[in-house]
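Laboratory data are not the source of any read-out in this text; all were calculated from the coordinates shown. Nothing here was measured: the structure is a model prediction, and the numbers come from that model. Every residue, glycine as well, gets a Cβ built from its backbone with ideal geometry; the counts of neighbours run over all protein chains shown.
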Amino acid sequence: MCFLLVSSWVFLPGAINLAGAGTGAFLEWSTREPEKVVNTILPVWMGVSPVDPGEIAADVLGRVTRADLGDPGRMIAYQLSMSVRTRMPEPVSALVSPPPVEASRGVQDVPRRTGAVTIGIYHTHTGETYERTDGVERVDGRPGAVVEVGRVLKRALQERHGLGVVHSEKVHDVPYSRSYLESEQTARRMIEEHPELKMLIDLHRDSLKDRAHSVTEIGGQEVATILVIVGSDARQPFPDWEKNYALARAVAAKSQELYPGLCIGVRVKEGRYNQFLHPGALLVEVGSVVNRTEEALRTAEFLADILAAVLADNPGEDGPGPV
């Protein structure tokens, strides 16, 4: 059994290379180095684990007060009277955003594959939206814009790459505290109905990154960045989590090959995020709350190319049966 003795791990693709030219960088830190934690984690911080009581409390308080506990500037603004309230500037980034890049490979160059359903897509936090377009961070009881991102991803995988895809739009986040319990049932059903699945993607958008780390430029257009989240066995049994981690690194590396700067890294967290159900299960965050919906939809097209290329590189791997 592998015990995690650090608060978080981050794998960064070659665009932010700390280990040497042409390789990925693996960062590790402990709570005894608070300055290093702040300087390193700020660009990819995505909140607390799905079962953390703090997240539930923050969500309830945020709904009552309409204050975003993840944005100190916005919290302060909500405490000011209307006569003096002003728009708070976006925080200064700890790292320089990736420079604009051109795609190194066109979508027509990714091999097409046909056959059974190989990719499943669902949304634990179904109501997530993009505030710059929708004016709110989440809608209750119905699909938010993140589901539209899933639709575009599914269509691109099917039409451009000939892949079999199943996409669930079922609402899982009412009540919010049961989101992962509800989405686990959807994930299990997908695995049972499609035992040939090779990837199971829980598609989200981040809530805490600033805009500087939520946007990059590809082909002259602004697009949302992606962050891959991997669970671990730090809190509950998850003996094969490193298989999921290996897949996440493959996705990040392929993203860097095809669309440099699009993926800002892979983060290992203490929760399991239902990934114990399947070695091909990943949580992928497309942009953050400060993105525009159209930026996330463009990214979905690129993400389809990346996932298809990863599958093409590993054609012989079969998914497991039901867990």
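Condition check for R132 on (1) farther than 27 Å from K269 by Cα; (2) without any contact (Cβ under 8 Å) to a residue 60 or more places away in the chain; (3) in a helix (DSSP H, G or I): one failure, at (2). Entry remark, region 254-269: residues being within 16 Å of the chain's Cα centre (by Cα) and either assigned to a helix (DSSP H, G or I) or not β-branched (V, I, T) (or both) number 9 in total. So in region 188-211, with the set limited to residues that are among the aliphatic types (A, V, I, L, M) and within 15 Å of L303 (Cβ to Cβ), which one is farthest from the chain's Cα centre (by Cα)? Looking at residues that are among the aliphatic types (A, V, I, L, M) and within 15 Å of L303 (Cβ to Cβ), I get M199.
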